[in-house]
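The values are calculated or read from the model by the stated rules, or taken from the named source; none is laboratory data. Source: prediction; values computed, not measured. Here Cβ is always computed from backbone atoms with ideal geometry, including for glycine, and neighbour counts include all displayed protein chains.
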Amino acid sequence: MTDYDFKYSVLKLIFDEIEECIVYEDRHGYKIYCNESYIKHFECGIQLTEEDKEQDILKRKEVIESNEEVEYIKKIIRSNGDIKYYKVTKIPITNGLENVVGVLSIIKDKSHKYELERLRDRFFSNIKHEFRTPLNMIFSSIQLLDYKCKICKIGNCKDCFINNLQLININSLRILKLSNNFIDLTNIQAGCMDLNFRNHDIVSFVESICDNINNYKKFNGISLIFDTSVEEHILRFDTDKIERVILNLISNAIKFNIPQGYVYVSLIVEEKYINISIKDTGIGINENKIDSIFESFSDVENRLTKVSEGSGVGLALSKALVEMHDGKISVNSKLGNGSEFIISLPNIINEREEVDISYYKVDRNSLEKIKMELSDIY
């Protein structure tokens, strides 16, 4: 092996280990060399459109004429339908007379970055919408009240004032709910949220939540029914967190139900898990949306039509809170036949701790929590 062959084989070995795609073309676009990464990304399952080919020709021409490197983003659709984004850097290669004899292209896969940017844009787009709607309602109500104060006598407009004050209160609660969900989900992802595990009667706990909702308000005549064959069962869990999960799931069951429909809440004790089922008679979920339903800002809320507001953060938060209990949450649904969400909590207690009954002795503003959780139902 000559010294030249040895150097070439070493360089080839190095280039083939590089993650970036490398290809060298002459002035006319004929490929002189490409590494293994380029072959993997661009020689398998790629059918370039005429537009893509034209872009490469124009960029190569630009490099040759300017004798300067050019950067651009290239979008590729693979044969399996996957979309990839690549950052392409084309560098002019010159001879001793500074004449461009070829173009070296270094191509980096930026698909992950662009996917994150797409999710970020979607996130902020949803944030803008979810906060703007209640704020507009609040501002409109305030403007109406201000107008009424100028033209009416207060005593003649009592009902008008009460109705608009209720609108302001409900939409303020919606903003508070959104803010709490965003902050808590962020804290969980950052590992900054703690749980307060205590021993409680899970049966009475779930039943009291259902009773409080029934005592609060009826929505489109929807009936909330709690049923279980178990009278009492002690479990170790955080009441604040699990209450939030149950309220969120019941809220969704009401939102996506049909008029005069039903929401059934039941509790089943198994050896390893306590299963809390929340089932509705609503419109159900499309099968191709089931896998993404617990993602933040999942568009599953547009099941058939957006019958009420919601960001999708609630389900992501609920999943995170249940998993912090070493539990799991699942869904069974079929479009047009309702949905069933099942919370499975580990069937364990703290043997060294007595049962905590403070939840039933102290008024923890449960009505305010219900008002906030159900504030986006109208």
Would you check if there is a residue in the range 199-208 being at pLDDT 90 or above, among the hydrophobic types (A, V, I, L, M, F, W, C) and in contact with a His (Cβ under 8 Å, 6 or more places away or on another chain)?
yes
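Residue-wise test of (1) polar (S, T, N, Q); (2) within 21 Å of GLU368 (Cα to Cα).
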residue	(1), (2)
ASN164	yes, yes
ASN171	yes, yes
ILE175	no, yes
ILE183	no, yes
GLN189	yes, no
TYR216	no, yes
ASP227	no, no
Assess whether ILE209 counts as being part of a helix (DSSP H, G or I), under 16 Å from ILE377 (Cα atoms) and touching a helix residue (DSSP H, G or I) at 6+ places or on another chain (Cβ under 8 Å).
no
Restricting to the range 52-101, name every residue that is more than 14 Å from PHE42 (Cβ to Cβ) and part of a loop (DSSP other than H, G, I, E, B).
ASN67, GLU68, GLU69, ASN80, GLY81, ASN95, GLY96, LEU97, GLU98, ASN99
Test: residue in the range 349-368 that is part of a strand (DSSP E or B) and at pLDDT 60 or above
yes
Take the range 259-292 and flag every residue that is among the aliphatic types (A, V, I, L, M) and either in contact with a Cys (Cβ under 6 Å, 6 or more places away or on another chain) or surrounded by fewer than 16 Cβ atoms within 10 Å (Cβ to Cβ) (or both).
VAL265, ILE268, VAL269
